[in-house]
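Working notes, beginning with the structure itself.
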Amino acid sequence: MVLEAPLRQLTNELILLNELVPLQAQRIVELGCGNARLSRGLLQQYPQCHVTGLEVDRIQHAANLANPAERLEFVEAGAQAIPAPDASFDLAIMLKSLHHVPLDLMEQALAEVERVIRPGGYWYVSEPVYEGDLNELMRVFNDEGTVRAAAQALLDRAAANGHWERVDDVYFDVPVAYRDFADFERRMVNVTYADRRFDEATRTRLLAIFERHMTADGARFVRPMHVTLLRRR
C-alpha cells in the first residue's frame, strides 16, 4: 500500500505565485482583491511591478482607498467588466474570488480576462476545494458547492477553448485558526461583501459543530486549495 504524501502547507500564497510566474516588472490585475494583502506584499518584494486591484465590495473598496500604496491602484469594478484596454496586463490574479462572480456573468468574466491579458501572459486562479472540516462548517450557512464547481468548470473550458494553455495545477493546504466562536463569526459570518444573516437555530447548530474543534489553543482547521495556472496563447 502506497500512502499519499501530505499536501504542502502555505500561509503566504505569494511564495507559490513567485515559484510559478515571473514577477519582475509585471503589469498585474488582481480581480476581487479584497484588502489586497498579497498584492501589497508582492509590490514590496518586486518594486518594478504595478498592480491594479478591482473590488466590487464598496465598503472594502473605500477601505482600500484610505490605505494607499505606491504602484497599487484601486478600482471599483468586477471581473465581468474590467475597465482597461486590450492586452493591458501580463498577469491576472484571482484569490478565492472566481466563485464569487455571478453565475450568469462567468462567461463574460472569462472573455474579459482573455481581452486584457497580453499573449504570453498568465491567469493565476486560486480556489478553495469543496471538502474538509472547515467546508462542512461553512456549508451550514453558506454552501458554495454549486458556484465552486462552476468556477472550476469555467477554467476547464478556458483551457480547452484554444485561447489558453494549461500550465499547471497545484494543490496545497492553508492552516486556519480561530480563537473562539466569536472570532469565527467576525471573520467568516459578519463580512461586508455578503449578507450572511441566519436564524438562531442555524447559529445553534453552527456553534455545536464549531465546538467539536475547540481546544485550549482555539479551533484549528485546514483549508485545501487548488491553483490553476493558464497562459494566454
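Values quoted throughout were computed directly from the atomic coordinates according to the rules given, and no laboratory measurement underlies them. For clarity, every value in this text was computed on a predicted model and none was experimentally measured. Note: ideal-geometry Cβ built from the backbone for every residue, glycine included; neighbour counts use all protein chains shown.
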Answer yes or no: is there a residue in the range 131-138 that is part of a strand (DSSP E or B), touching a residue at least 24 places away in the same chain (Cβ under 8 Å) and under 21 Å from GLY34 (Cβ atoms).
no
### Message
Can you confirm whether MET94 is of a type in the set (A, V, I, L, M, F, W, C), touching a Gly at 6+ places or on another chain (Cβ under 7 Å) and more than 30 Å from ALA216 (Cβ to Cβ)?
### Response
yes
Among the residues of the range 197-218, is any outside any helix (DSSP H, G or I), closer than 23 Å to HIS100 by Cβ and out of contact with any Gly (no Cβ under 8 Å at 6 or more places or on another chain)? yes
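Quick check on my filter: what residues within the range 111-132 are under 16 Å from VAL222 (Cβ atoms) and either among the hydrophobic types (A, V, I, L, M, F, W, C) or surrounded by fewer than 16 Cβ atoms within 10 Å (Cβ to Cβ) (or both)? Please lay out each step first, then the result.
From the range 111-132, those under 16 Å from VAL222 (Cβ atoms) are 126-132; that's our starting set.
Those that are under 16 Å from VAL222 (Cβ atoms) and either among the hydrophobic types (A, V, I, L, M, F, W, C) or surrounded by fewer than 16 Cβ atoms within 10 Å (Cβ to Cβ) (or both): VAL129, GLU131.
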Scanning the range 16-39 for residues that are assigned to a helix (DSSP H, G or I) and under 15 Å from the mean Cα position of the chain (by Cα), the one farthest from GLY121 (Cα to Cα) turns out to be ARG37
Inset, instruction - Could you tell me whether any residue of the range 185-204 is within 30 Å of ARG8 (Cα to Cα), without any contact (Cβ under 8 Å) to a residue 12 or more places away in the chain and of a type in the set (Asp, Glu)? - result: yes
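Is it fair to say LEU154 is outside any loop (DSSP other than H, G, I, E, B), over 21 Å from ARG8 (Cβ atoms) and over 18 Å from the mean Cα position of the chain (by Cα)?
Working: outside any loop (DSSP other than H, G, I, E, B): yes; over 21 Å from ARG8 (Cβ atoms): yes; over 18 Å from the mean Cα position of the chain (by Cα): no.
No.
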For the range 79-110, the count of residues that are in a loop (DSSP other than H, G, I, E, B) and crowded, with 21+ Cβ neighbours inside 10 Å equals 4
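Among SER126, SER88, which is the only one that is of a type in the set (Ser, Thr, Tyr) and either free of Cβ contacts under 8 Å to residues at least 24 places away in the same chain or under 30 Å from GLU185 (Cβ atoms) (or both)?
Details: SER88 fails: either free of Cβ contacts under 8 Å to residues at least 24 places away in the same chain or under 30 Å from GLU185 (Cβ atoms) (or both).
Only one candidate passes the filter, namely SER126.
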